[in-house]
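Before any comments, here is the structure.
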Amino acid sequence: MADELLKDFNPFDIFDAEAARLDRFFAGLDDAGWQRPSRCEGWSVRDVLAHLAGEELYNHACLDGTVPDLMSRLAEEGVGGYNEFNEWCVRERAGRPVADVLAEWRTKNAETRERMRALGRDAVLDTMAGPYPVGHQTFHYDSEYATHADDVGAPVGADESDGRTLWRVAVGRFVLAEQNAKVQVEQTAEQIFAAVDGITATLSYPEFVEATVGRLPAAHGLDPRIASALRCLA
C-alpha cells in the first residue's frame, strides 16, 4: 500500500523542522535579501513569504471546517483557482511592512503545526478535495515548505541532506500512487527508474524530488512526457 512509503517518517517533526529552517533564513535577511528573486518565477523572496502567510488562511479553514466560507470570500474577491489564490495572497501583503508579514506567518503557522500535531495522523480534515487524513495533509505541507526553502536558498546542513531527500522521495512516490499517475516508478538503493508509454529515464534521488515539485531544469533533458507525469506536488 502507498501508506507504507510514509510509515517511517513523522510528518509533524518534519513540518517543524522545515518551518524552523525558513524562519532562521527569513530572520537573517536585509532589504536586499528580501528583494532577491526566488526560484519561483516572478516572485521575490518577500513574495514567497507573503504566499506562505496567505496560505495559512486555507490551512486554518481546513482545521476550522470553514473551507466553503473561505471559497465564498475568495469568490467575492474575484479569486478563482489555486494560482489566483496564490497571487492574491502576495498582492494583499505587498504594501505591508515585511516584519508584519513575517510575524503573521510565524504566528499562524505555529498554530497550524500545533493543531495538526494535536489531532494526530489518523484524524480527518475537511479540505477542498474532501475529507483527508491529517498525516497525509501534513506531508503535503512538508513538501511545500521544503520546496519553498529551496526556492529561496535556505541552507540545508550536510548532516540532514540525505534524510531530507529520503522523506521527499517517499512523499513524491506516495502522491504519485495516490493520484494514480500513469508513470511507473521503481526505487533502488541509489536511483529512481521512471517509465511512461515506453519512454524510460533514470534519475538520482535529488533529481526525482525536483521533478515531483516541478523544479527540474529544462536543461536536464528529461523527456517532457516523463517530466509532466512526475510533477505531482506543484
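The values are calculated or read from the model by the stated rules, or taken from the named source; none is laboratory data. Since this is a predicted model, take the numbers as computed values, not measurements. When we count neighbours, we look across all protein chains shown, and the Cβ atoms used for this are built from the backbone with ideal geometry, even at glycine. Heads up: the accessible areas ignore ligands, DNA and RNA and are worked out on the full protein's heavy atoms, side chains in. Shrake-Rupley method; radii C 1.70, N 1.55, O 1.52, S 1.80 Å.
The condition of being open to solvent by 10 Å² or more (accessible area, probe 1.4 Å) and in contact with a strand residue (DSSP E or B) (Cβ under 7 Å, 6 or more places away or on another chain) holds for only one of Arg115, Arg121, Arg73, that being Arg121. A search for C-beta distances below 9 Å between a residue of the stretch 218-234 that is free of Cβ contacts under 8 Å to residues at least 60 places away in the same chain and basic (Lys, Arg) and any residue that is surrounded by 11 or more Cβ atoms within 10 Å (Cβ to Cβ) and assigned to a helix (DSSP H, G or I), counting only pairs 6+ apart in sequence or on different chains, returns Arg231/Ala211; Arg231/Thr212.
Filter the stretch 161-177 down to the residues that are more than 15 Å from the chain's Cα centre (by Cα) and in contact (Cβ under 8 Å) with a residue 24 or more places away in the chain, then identify the one that is most open to solvent (accessible area, probe 1.4 Å). Of everything passing the filter in the stretch 161-177, Leu166 is most open to solvent (accessible area, probe 1.4 Å).
When the stretch 190-201 is filtered for residues that are surrounded by 14 or more Cβ atoms within 10 Å (Cβ to Cβ) and either out of contact with any helix residue (DSSP H, G or I) (no Cβ under 9 Å at 6 or more places or on another chain) or part of a helix (DSSP H, G or I) (or both), only Phe193 remains. When you check Thr202 against the structure, is it in contact (Cβ under 8 Å) with a residue 60 or more places away in the chain and of a type outside the set (Gly, Ala, Ser), yes or no? For Thr202, the condition - in contact (Cβ under 8 Å) with a residue 60 or more places away in the chain and of a type outside the set (Gly, Ala, Ser) - is not met.
The residues listed here are Gln137, Gln187; of these, the one that is farther than 27 Å from Glu41 by Cβ, surrounded by 14 or more Cβ atoms within 10 Å (Cβ to Cβ) and polar (S, T, N, Q) is Gln187. The set of residues in the stretch 178-204 being at positive phi and under 23 Å from the mean Cα position of the chain (by Cα) consists of Asn180 alone.
Of all the residues in the stretch 29-41, those that are assigned to a loop (DSSP other than H, G, I, E, B) and surrounded by 10 or more Cβ atoms within 10 Å (Cβ to Cβ) number 5.
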